[in-house]
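In what follows, a structure is listed as structure tokens, so that the remarks can point back to it.
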Amino acid sequence: MSEYNFAYLDEQTKRMIRRAILKGLAIPGYQVPFASREMPMPYGWGTGGVQVSAAALTPDDTLKVIDQGADDTTNAVSIRKFFERTAGVATTEETERASIIQTRHRIPEAALREDQILVYQVPIPEPLRFLEPRETETRKMHSLEEYGLMHVKLYEDISQHGQIATSYAYPVKVEGRYVMDPSPIPKFDNPKLEMAAIQLFGAGREQRIYAVPPYTKVVSLDFEDYPFEATKADHACDLCAAADSYLDEVIMDDAGGRMFVCSDTDYCRSRRAAGHVGRLGSEAPLSTGPEAA
Amino acid sequence: MYVAVKGGERAIDNAHAWLAEERRGDTSVAELSLAQIREQLKLAVNRVMAEGSLFDPDLAALAIKQSRGDLIEAIFLIRAYRTTLPRFGNSRPVETADMACDRRVSATFKDVPGGQVLGPTFDYTHRLLDFKLAAEGELPEAPTAPPRREPTPHVTSFLRDEDIIQTEPDSDATPRDITREPVAFPADRATRLQTLTRGDEGFILGMAYSTQRGYARNHAFVGELRIGTVAVEMEIPELGFAIEIGEIELTECETVNQFTGSKTEPPQFTRGYGLVFGQTERKAIAMALVDRALRWRELGEDNVGAAAQDEEFVLSHCDNIQATGFLEHIKLPHYVDFQSELELVRKLRREATAAQEAAE
């Protein structure tokens with residue numbers, strides 16, 4: 001792959017993206033338009049995150065890529081391979097060891113540090129999009145801080161269902177100003193959005209970058225009498241017994257047998273390595289290497 | 001003991017190896033050469049160049065071969081390659097009046113200076129399968145004539161002399177480049193035209209067709225459709241003058257549209273414009289119709305709420321690379337989000353059932 005620049009993008013493009021990132025960090029939660037490039041993977045498959053990671057990567061970085069919390073899902077494997085080939089950077093599956101983590105749909109369970117960057121892949125950056133399809137209108141609403149429509153939507157949920165019926169991509173208000181889509185993470189992850197690491201959000205097809213700087217106030221929208229609640233399956237992980245992690249439900253057999261396992265594969269692995277054993281777990285540590293599907 | 005299924009690099013590698021085998025097909029059948037695709041599937045090559053925004057028939061042929069004839073996939077390959085190319089500068093505007101036309105027809109005048117030239121067209125062929133093509137054979141030679149050397153004036157220029165068609169404002173401003181700046185709304189006409197010319201042929205065709213059927217109807221005459229090659233010139237700063245760096249094939253369509261006048265404009269004909277790489281006339285005509293429909297604001301017309309008048313709707317959804325990527329991404333795992341929905345729906349059902357039981 002020597003015919004391509006380090007991390008695929010040319011330096012001018014990276015510079016343009018870095019400018020957008022810096023602007024995003026300066027105005028937390030504001031969606032910065034940027035001239036997104038066609039990438040060698042399809043729009044909607046993480047091109048925004050890939051461009052942000054490419055602009056943020058240095059040769060000394062260690063990259064981790066997760067999809068649905070797991071390092072071994074096909075698209076995570078594909079993106080990790082892309083950077084191994086085009087940037088030659090070290091990669092890891094351990095959250096602890098990564099300096100840049102690109103993610104789709106999850107925030108790792110382990111608390112991130114100040115020297116880490118979390119890059120989100122974002123499909124639809126506009127939190128108001130499904131209430132108002134026009135970009136011209138939603139930009140106006142953001143600039144006027146006119147978020148009544150969103151509160152009406154949440155209120156209608158409560159009047160119809162008795163609770164707010166949004167379970168992922170749950171809208172947040174950043175530093176008391178912009179309403180932001182945290183990307184389609186489960187609302188279980190929302191409280192983690194206040195963290196020590198830099199959070200960068202890239203939406204390639206929609207040509208937007210936004211950011212949450214470290215220790216920025218991020219509030220999930222709610223009402224005093226209907227406070228926000230982070231929810232997960234009411235189980236412990238069947239492999240590592242963690243009661244505090246987000247769980248995937250796995251169908252075991254055609255008789256409706258189910259088990260629950262950590263969605264964050266590295267978290268689960270490290271707990272099992274530390275000797276935690278769940279309902280269906282085994283004492284022996286499991287291999288972390290890739291296996292055939 | 002349960003072990004979670006690992007997506008695995010091996011599964012991906014195996015899938016791609018199988019894909020390569022499928023692409024080749026039966027090895028007892030001769031392999032397609034790029035030259036064969038370039039010469040014999042030229043209209044496919046043209047579409048890939050137009051929507052891939054890169055004029056290179058050989059690369060387009062390669063992309064078609066690699067994509068097994070899936071043209072949107074081929075366009076994607078070209079776009080992803082194009083974006084890595086360095087930019088040396090901009091050409092001068094091409095002069096389509098100087099086009100060496102292979103085809104040039106006007107639907108508004110029986111005859112025009114420069115003549116009506118049908119060229120290599122499917123028009124008036126009877127769409128009967130030609131079984132002779134199933135057997136390889138020599139082709140009878142087509143009659144030839146000396147080509148026209150002088151410039152071919154645009155049909156709309158005759159209407160302009162009479163001041164009966166709207167004049168387009170002259171501008172030397174450098175247009176925005178949609179591949180270097182994100183499109184913002186409202187978009188200027190250059191931005192709209194750039195977006196339309198690389199937009200999906202099917203989408204643009206559907207939008208254009210909707211205007212013909214009455215959704216923002218604006219009856220269009222094909223004032224002129226011309227297909228041919230034009231010289232591409234570039235100013236070389238070291239030389240201080242422009243030199244020809246090559247030639248490209250283009251299809252240009254100018255429509256003449258009825259217009260009864262508005263609050264701001266007197267009754268006169270108005271125009272729509274289409275310009276597309278290669279012989280791609282369906283796309284060029286469709287583009288001209290959509291361009292005209294999008295000009296309602298500038299011409300002081302009413303927005304009747306038709307899809308083809310809505311620039312944000314048209315421009316945001318006409319790119320097939322964006323559309324196909326987002327559409328197909330729903331194949332990717334979504335089980336984290338699905339899990340959260342599952343729990344929500346279970347909870348809502350539990351509460352609904354409890355409420356029902358309490359009522360009984």
Next item on the list: Pull up all non-local amide H partners of A:F228: gap of 5 or more, or a different chain, and H-to-H distance under 5 Å with H placed in the peptide plane.
Entry: A:F223
Margin query: With an 8 Å Cα cut-off and a minimum separation of 6 or more residues, compute the relative contact order for chain B in percent.
Written below: 16
Note to self: Under 37 °C and 0.692 mPa s, how fast does region B:9-74 diffuse according to Stokes-Einstein, given a Kirkwood radius computed over C-alpha pairs? Answer in µm²/s, whole number.
What the structure shows: 260
Notebook entry, point to check: Where the centre of each part is set by its Cα atoms, how far does region B:7-58 sit from region A:216-270, in angstrom?
Noted result: 44
Note to self: Give me log10 I(q)/I(0) at q = 0.06, 0.10, 0.15 Å⁻¹ for chain B, Debye formula, one equal scatterer per alpha-carbon, no solvent.
What the structure shows: -0.32, -0.79, -1.46
Check: Counting DSSP beta bridges with both partners in the protein assembly as shown, what percentage is antiparallel, nearest 5?
Finding: 75
Check: Which ³J(HN,Hα) values, rounded to whole Hz and listed in residue order, are derived for region B:231-238 from phi using the Karplus coefficients 6.51, -1.76 and 1.60 in 6.51 cos²θ - 1.76 cosθ + 1.60 with θ = phi - 60°, glycine and proline given as x?
Finding: 7, 10, 10, 9, 6, 9, x, 5
Note to self: Quick query: amide H of B:V117 versus all other amide H atoms, modeled in the peptide plane; which residues come in under 5 Å with a sequence gap of 5 or more or a different chain?
What the structure shows: B:R104, B:V105
Note to self: Explain nothing, just the number: relative contact order of region B:137-276, from Cα pairs under 8 Å at least 6 residues apart, as a whole percent.
What the structure shows: 21
Next item on the list: Provide the descending list of Cα extents for region A:142-293 along its principal axes, expressed in whole angstroms.
Entry: 57, 36, 29
Notebook entry, point to check: Hull surface divided by four, with the convex hull built on the Cα atoms of region B:228-284: how many nm²?
Noted result: 6.4
Margin query: Let's test this: bin the Cα-Cα distances of the protein assembly as shown at 20 Å from zero up to the farthest pair and state each bin's percent.
Written below: 16, 43, 31, 10, 0
Note to self: Using a Förster radius of 22 Å, what is the FRET efficiency between B:D188 and B:E247 based on their Cβ-Cβ separation? Nearest 0.05, please.
What the structure shows: 0.20
Next item on the list: Would you kindly derive the ³J(HN,Hα) couplings of region A:95-100 from the backbone phi angles with the Karplus curve 6.51 cos²θ - 1.76 cosθ + 1.60 (θ = phi - 60°), listing them in order in whole Hz, with x for Gly and Pro?
Entry: 3, 3, 8, 7, 9, 10
Next item on the list: Could you tell me the distance between the Cα centroids of region A:127-206 and region B:325-353, to the nearest Å?
Entry: 18
Checklist line | Magnitude of the charge dipole, chain B, Cβ model with Lys/Arg +1 and Asp/Glu -1, debye to 20 | finding: 720
Item checked: Proximal charge balance of B:D123 [Cβ under 14 Å; K/R count +1, D/E count -1] -> +2
Next item on the list: May I ask you to list the trypsin sites (Lys or Arg not before Pro) in region B:139-239 that are in a DSSP loop and have at most 14 other Cβ atoms within 10 Å of their Cβ?
Entry: B:R148, B:R149, B:R180, B:R213
Check: Going by how many other beta carbons lie within 10 Å of each one, how would you line up B:Y124, A:Y147, fewest first?
Finding: B:Y124, A:Y147
Check: Considering amide H positions built from the backbone, and no H for Pro or chain starts, which residues 5 or more places from B:F269, or on another chain, come under 5 Å of its amide H?
Finding: B:I165, B:Q166
Check: What net charge do the residues around A:R106 carry, taking every other residue with its C-beta under 13 Å from that of A:R106, with Lys and Arg at +1 and Asp and Glu at -1?
Finding: -3
Next item on the list: Can you tell me the dipole magnitude for region B:207-307 around its Cα centre, using point charges on the Cβ only (Lys, Arg +1; Asp, Glu -1), in Debye to the nearest 20?
Entry: 820
Check: Which loop GluC sites (Glu not before Pro) in region A:122-180, with loop taken from DSSP, have no more than 14 other Cβ atoms within 10 angstrom of their Cβ?
Finding: A:E145, A:E146
Note to self: Expected output is a single nm value to one decimal: the length gained when fully extending between B:Q258 and B:A20, i.e. 0.36 nm times separation in residues minus the C-alpha distance. What is it?
What the structure shows: 80.4 nm
Next item on the list: Evaluate Rg over Rh across region B:247-324, taking Cα atoms for both radii and Kirkwood's formula for Rh.
Entry: 1.03
Notebook entry, point to check: Where in region B:270-311 is the amide nitrogen less than 13 Å from a point lying 7 Å along the Cα-to-Cβ axis of B:V232?
Noted result: B:277-278
Margin query: Students often forget the sequence filter, so: which lysines lie under 17 Å Cα-Cα from B:K65 once same-chain residues fewer than 8 apart are removed?
Written below: B:K42
Margin query: Explain nothing, just the number: relative contact order of region A:152-293, from Cα pairs under 8 Å at least 6 residues apart, as a whole percent.
Written below: 16
Margin query: Net charge around B:D188, counting only other residues with Cβ within less than 12 Å of its Cβ (Lys, Arg = +1; Asp, Glu = -1)?
Written below: +2
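No lab work stands behind these numbers, since they all come straight from the coordinates. If you're wondering where the values come from, they're calculated on a predicted model, not measured in any experiment. Because the Cβ atoms are built from the backbone with ideal geometry, glycine has one as well, and the counts that use them run over all protein chains shown.
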